[in-house]
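Structure record follows, encoded as structure tokens.
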Amino acid sequence: MDFRDIKEFIKDTFSYLIVILIVILIVVYVVTLQQVVGSSMNPTYNESDILVLSKIHYKLFEINRNDVVSLKYDNSKYLIKRVIGLPGEHVYFKDNILYINNEPYENNFETADFNLNELGYDVIPDNMYLVLGDNRYDSLDSREIGLISKEDIIGKVLFRIWPLG
């Protein structure tokens, strides 16, 4: 084996290592995949759907109402939920109507009566969010686990890649 072969091998290996490093950085800091577990986001997302999640989105943009987000729960679980209430808002559901600061707001999902006061708040504090599953009668969400801090939101769900169609 001559030095040209060794030099070529090192050059190729270095190129592959750079590509692997870039992919790892993208997965850790920019986008990742997440699988839906459970039925709490039916009919929007179903059990075992694979979603693309942007981890960098909320470093650049604000969290908005109706964004579907991934969040950390209980240090070992990741949940997919829809943002319903934003900081500074008083939120409640009455007779299947969503009210934000006492004004009716369009709501596409059936929801039992709920008031933010049940969680001990009059308005949602800064950097906190009210999140609910789309299947409101079978969802572990803010009504049970409380408001979610901005730090616990991992990222925004961009789209579903599996199943296709």
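The values are calculated or read from the model by the stated rules, or taken from the named source; none is laboratory data. Bear in mind that the values here come from a model prediction, so they are computed numbers and not experimental data. Every residue, glycine among them, receives a Cβ derived from its backbone with ideal geometry; neighbour counts consider all protein chains shown. Each accessible area value is taken on the protein alone, full model and side chains, heavy atoms only, with ligands, DNA and RNA left out. Shrake-Rupley method; radii C 1.70, N 1.55, O 1.52, S 1.80 Å.
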Discussion item. Given the DSSP H assignment, sum -39500 (n - 2.57) over each helix run of at least 4 residues in the chain and divide by its residue total; what's the result at 222 nm in deg cm²/dmol, nearest 500?
Written reply: -6500 deg cm²/dmol
Item to complete: Pairs of Cα atoms under 8 Å, at least six residues apart: use those to get the relative contact order of the chain, whole percent.
Response: 25 percent
Discussion item. For THR32, what accessible surface area do you get with a 1.4 Å probe? Give it in Å², rounded to 10.
Written reply: 30 Å²
Worksheet, complete the sentence: Residue separation between ASP74 and GLU144 times 0.36 nm, minus their alpha-carbon distance, gives in nm 23.9 nm
Worksheet item: With axes computed from alpha carbons, what is the tilt in degrees of helix 3-29 against the longest principal axis of the chain, rounded to the nearest 10 within 0 to 90?
Response: 0 degrees
Practice prompt. Kindly provide the chymotrypsin sites (Phe, Trp or Tyr not before Pro) of the stretch 35-96 that DSSP labels as loop, not H, G, I, E or B, and whose Cβ sees at most 11 other Cβ atoms within 10 Å.
Written response: PHE61
Item to complete: Would you count, across the stretch 1-145, every pair of lysines whose alpha carbons are under 24 angstrom apart, provided the pair is eight or more residues apart or spans two chains?
Response: 8
Discussion item. Give me the tail of P(r) for the stretch 76-165 as a percent: Cα-Cα pairs with distance above 20 Å.
Written reply: 36 percent
Fill in: Apportionment of accessible area to carbon and sulfur, the stretch 33-165, percent (1.4 Å)
48 percent
Fill in: Which labelled figure in (1) 26, 20, 14; (2) 76, 13, 10; (3) 42, 17, 12 is semi-axes √(5λ) of the Cα gyration tensor in Å, once derived from the coordinates
(3)
Fill in: Probe 1.4 Å, protein heavy atoms only - accessible area per residue of the chain in square angstrom
62 Å²
